[in-house]
1. Yes or no: residue 144 within 16 Å of the ligand (Cβ to nearest atom) and farther than 23 Å from residue 52 by Cα?
2. Counting only residues that are part of a strand (DSSP E or B) and touching a helix residue (DSSP H, G or I) at 6+ places or on another chain (Cβ under 8 Å), which one in region 40-65 is farthest from residue 129 (Cα to Cα)?
3. Going by what's in this entry, would residue 112 be described as closer than 27 Å to residue 30 by Cα and either away from the ligand (no atom under 16 Å from the Cβ) or at pLDDT 95 or above (or both)?
4. If residue 22 satisfies every condition in (1) crowded, with 18+ Cβ neighbours inside 10 Å; (2) modelled with pLDDT of 95 or more; (3) under 13 Å from the mean Cα position of the chain (by Cα) but one, which is the exception?
5. If I ask for residues that are at pLDDT 95 or above and out of contact with any helix residue (DSSP H, G or I) (no Cβ under 9 Å at 6 or more places or on another chain), which ones from region 116-136 would you list?
6. Just need a number here: residues in region 92-142 that are closer than 24 Å to residue 22 by Cβ and loosely packed, with under 12 Cβ neighbours inside 10 Å.
7. If the Cβ limit is 9 Å and pairs must be 6+ apart or interchain, which residue in region 145-157 that is touching a residue at least 24 places away in the same chain (Cβ under 8 Å) and over 18 Å from residue 25 (Cβ atoms) pairs with which residue that is more than 10 Å from the ligand (Cβ to nearest atom) and not in a loop (DSSP other than H, G, I, E, B)?
8. Under 21 Å from residue 127 (Cβ atoms), buried (at least 17 other Cβ atoms within 10 Å of the Cβ), free of Cβ contacts under 8 Å to residues at least 60 places away in the same chain and within 19 Å of the chain's Cα centre (by Cα): is that true of residue 44 in this structure?
Ligand code: ZN
């Protein structure tokens, strides 16, 4: 039986650096098994109850995947839609579509630029410190829609 779960989290990389956190914001709300959060976390939170705290370690392969070297491409600087200075670390949308991947400049070599389309967290093993805020049985409607309708079932996006 799938549940709708809300939780707060702090996400750290293997060095302990905080990458992201829900502190100060609303908790994350998701429907179990619906792909709303990364698989490794979804699976590990199945047995948790409201009020529980858990440290969940998710290897890169179950999070944002391993880095794919073929996603790093060399392009001519002149083809990039940039006026002015280009710096390592700058990001672009790789196309006009709003779902186009974001690419990051990883190196500038003369007239060439190396662009990386890997997710910024690809290849990174993740540690989540999670506190479950609420957990309830999903409604029929949520199961049909394939997403959570908020912590109390009040909203459909
Ligand atoms: Zn809905």
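1. Values: within 16 Å of the ligand (Cβ to nearest atom): yes; farther than 23 Å from residue 52 by Cα: yes.
Yes.
2. At the first step, the residues of region 40-65 found to be part of a strand (DSSP E or B) are 53-58.
If we keep only those that are touching a helix residue (DSSP H, G or I) at 6+ places or on another chain (Cβ under 8 Å) too, we end up with 54, 56, 58.
Numbers: 54: 6, 56: 6, 58: 11 Å.
Here the answer is 58.
3. no
4. (1)
5. 127, 129, 131, 132, 133, 134, 135, 136
6. Final tally of qualifying residues: 1.
7. Listed pairs, sorted by first residue: 147/30; 149/4; 149/29; 153/4; 153/136.
8. Values: under 21 Å from residue 127 (Cβ atoms): yes; buried (at least 17 other Cβ atoms within 10 Å of the Cβ): yes; free of Cβ contacts under 8 Å to residues at least 60 places away in the same chain: yes; within 19 Å of the chain's Cα centre (by Cα): yes.
So residue 44 fits the description; yes.
The values are calculated or read from the model by the stated rules, or taken from the named source; none is laboratory data. Remember, it's a predicted structure, so these values are computed and weren't measured experimentally. Every residue, glycine among them, receives a Cβ derived from its backbone with ideal geometry; neighbour counts consider all protein chains shown.
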